[in-house]
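Q: Here's a structure for you.
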Amino acid sequence: MRKRTKGRELALQLLYQADVTNIDAKDLMEDFFAMDANAKEEIDARDFAIDLAGSVCANLEKLDKAISSYATNWHLDRMATVDRNILRLAAFELLFRPDIPPKVAINEAVELAKKYGDVDSGKFVNGVLDKINKTKNPPIE
């Protein structure tokens, strides 16, 4: 598995844990990311995951606002926890990481949704992220 793909998966798992336990993700990071320091692939994935999860947490209000405005007829608290956090990760990449191609961010999110979500999670995640991507000025202010 590629390091960024693995990093996204780790970031999703951390954000999911934080969301379910109501513990700040930053407080969970040290224990969550404790791993074999000799594994170069794990270090790269961990570093990307820490950056991604930390950035999502730092921009959570803006991301939730953007997601809410495009997830028509859905409130964030009614979304499946895994779907909500996948959307947060990918929305962050779409809105704040111009170095990551939108197709990559969306495809990676859809794959995570298929792996961890419900039967229709991939379609739901793809639809919301496609709307965010097509909008020139998303409401993140």
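Q: Please give the number of the condition Pro98 fails out of (1) in a helix (DSSP H, G or I); (2) open to solvent by 20 Å² or more (accessible area, probe 1.4 Å).
A: (1)
Q: Related question: Conditions: (1) within 22 Å of Asp24 (Cβ to Cβ); (2) at pLDDT below 95. Asp44 meets all but one. Number of the miss?
A: For Asp44, the failing item is (1).
Q: Which helices (runs of 4 or more DSSP H) does the stretch 1-81 wholly contain that include 2 or more residues that are in contact with a Gly (Cβ under 7 Å, 6 or more places away or on another chain) and open to solvent by less than 70 Å² (accessible area, probe 1.4 Å)? Spell out how you get there, then give the answer.
A: Numbers: elements: 3-21, 25-32, 40-58, 60-70.
The qualifying helices (runs of 4 or more DSSP H) are 40-58.
Q: Of the residues Asn137, Asn133, Asn38, which is in contact with a Pro (Cβ under 9 Å, 6 or more places away or on another chain), modelled with pLDDT under 95, at negative phi and not small (Gly, Ala, Ser)?
A: Matching residue, one of Asn137, Asn133, Asn38: Asn133.
Q: Looking only at residues in the stretch 110-134 that are in contact (Cβ under 8 Å) with a residue 24 or more places away in the chain and of a type in the set (Gly, Ala, Ser), which one is farthest from Ile67 (Cα to Cα)?
A: Going through the qualifying residues, I end up with Gly117.
Q: All but one of (1) surrounded by 15 or more Cβ atoms within 10 Å (Cβ to Cβ); (2) at pLDDT 90 or above; (3) more than 23 Å from Gly117 (Cα to Cα); (4) of a type in the set (A, V, I, L, M) hold for Ala90, so report the exception by its number.
A: Failing condition for Ala90: (3).
Q: What are the pairs, 6+ residues apart or on separate chains, where a residue within the stretch 1-28 that is in contact (Cβ under 8 Å) with a residue 12 or more places away in the chain has its Cβ under 9 Å from a residue that is open to solvent by less than 70 Å² (accessible area, probe 1.4 Å) and in a loop (DSSP other than H, G, I, E, B)?
A: Cβ pairs passing all conditions: Arg4/Ile100; Leu10/Phe33; Leu14/Phe33.
Q: Based on what the data block shows, is Leu112 open to solvent by 20 Å² or more (accessible area, probe 1.4 Å) and either touching a Leu at 6+ places or on another chain (Cβ under 8 Å) or among the aromatic types (Phe, Trp, Tyr) (or both)? Step through it out loud before you land on a result.
A: On the way: open to solvent by 20 Å² or more (accessible area, probe 1.4 Å): no; either touching a Leu at 6+ places or on another chain (Cβ under 8 Å) or among the aromatic types (Phe, Trp, Tyr) (or both): yes.
No, not satisfied.
The values are calculated or read from the model by the stated rules, or taken from the named source; none is laboratory data. Note that this is a predicted model, so its numbers are computed, not measured. Here the Cβ is made from the backbone with ideal geometry for all residues, glycine too, and neighbour counts use every protein chain on show. In case anyone asks, the SASA skips ligands and DNA or RNA and just uses the protein heavy atoms, side chains included. Shrake-Rupley method; radii C 1.70, N 1.55, O 1.52, S 1.80 Å.
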